[in-house]
Amino acid sequence: MEKMKKIGLGGGCHWCTEAIFQQVEGVVKVEQGYIASEAPADTLSEAVIVHYLPKKVNLERLLEIHLHTHNSTSDHSFRKKYRSAVYFFSAEEEKEIKSLLVKLQKKFEKKLVTQVLAFRKFEASRESIQNYYKRNPEAPFCKRYIEPKLKLIKELDLIPRKERKV
């Protein structure tokens with residue numbers, strides 16, 4: 001059986017990030033919550049941990065989806081709570097992520113502000129907001145913020161996707 005890997009991703013609202021990665025073939029599980037790293041990024045920020053099968057979806061594709069589905073080039077005032085980040089679990093992953101971000105930067109006109117940070121702490125969101133999109137697809141928030149992102153990953157045709165509503 002193929003060994004599963006995981007990566008932490010912070011990119012704005014974790015409801016959106018969770019919904020996006022739940023659509024990706026090769027993603028086995030998405031944990032929604034808050035992640036912290038080391039100072040100065042030691043405050044909890046909305047994020048997800050994506051568990052995936054690398055033979056079905058590689059890290060480059062996951063990062064490409066991540067960078068295209070949140071504001072990865074804007075250093076706005078809410079960056080402490082909605083940090084644009086990739087959290088690594090080993091030094092080997094850190095090196096690979098940094099290399100991939102250099103490569104993916106070429107697909108963006110503006111400079112990426114996405115940080116590469118060591119994973120230190122995770123706190124799951126309360127149960128009532130887990131799987132928010134799956135539970136509330138007709139909610140105004142989902143229609144306004146999540147569905148356009150799901151449509152975007154379909155239009156970009158980055159990788160095969162699971163059955164989706166959009």
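Listed residues Ala47, Ala36, Ala91, Ala41; which is farther than 19 Å from Leu112 by Cβ and crowded, with 19+ Cβ neighbours inside 10 Å?
Result of the check over Ala47, Ala36, Ala91, Ala41: Ala36.
Results for (1) modelled with pLDDT of 95 or more; (2) not acidic (Asp, Glu), shown as yes or no for each residue.
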{"position": "Leu104", "(1), (2)": "yes, yes"}
{"position": "Arg120", "(1), (2)": "yes, yes"}
{"position": "Ser125", "(1), (2)": "yes, yes"}
{"position": "Glu147", "(1), (2)": "no, no"}
{"position": "Asp157", "(1), (2)": "no, no"}
{"position": "Arg161", "(1), (2)": "no, yes"}
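Select from region 17-28 the residues that are surrounded by 24 or more Cβ atoms within 10 Å (Cβ to Cβ) and not small (Gly, Ala, Ser) and list them in ascending order.
The answer is Thr17, Glu18, Ile20, Phe21.
To keep it simple, each residue is scored yes or no on (1) loosely packed, with under 11 Cβ neighbours inside 10 Å; (2) of a type outside the set (Lys, Arg); (3) assigned to a helix (DSSP H, G or I); (4) without any contact (Cβ under 8 Å) to a residue 60 or more places away in the chain.
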residue	(1), (2), (3), (4)
Leu100	no, yes, yes, yes
Glu109	yes, yes, no, yes
Leu112	no, yes, no, yes
Leu117	no, yes, no, no
Phe122	no, yes, no, no
Cys142	no, yes, yes, no
Ile146	no, yes, yes, no
Lys149	no, no, yes, no
Lys154	no, no, yes, yes
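Is it the case that Phe21 is assigned to a loop (DSSP other than H, G, I, E, B), of a type outside the set (A, V, I, L, M) and within 29 Å of Phe141 (Cβ to Cβ)?
For Phe21, the condition - assigned to a loop (DSSP other than H, G, I, E, B), of a type outside the set (A, V, I, L, M) and within 29 Å of Phe141 (Cβ to Cβ) - is not met.
The values are calculated or read from the model by the stated rules, or taken from the named source; none is laboratory data. All of these numbers come straight from a predicted model, not from anything done at the bench. Methodologically, a virtual Cβ is constructed for each residue, glycine included, from the backbone with ideal geometry; neighbour enumeration extends over all protein chains shown.
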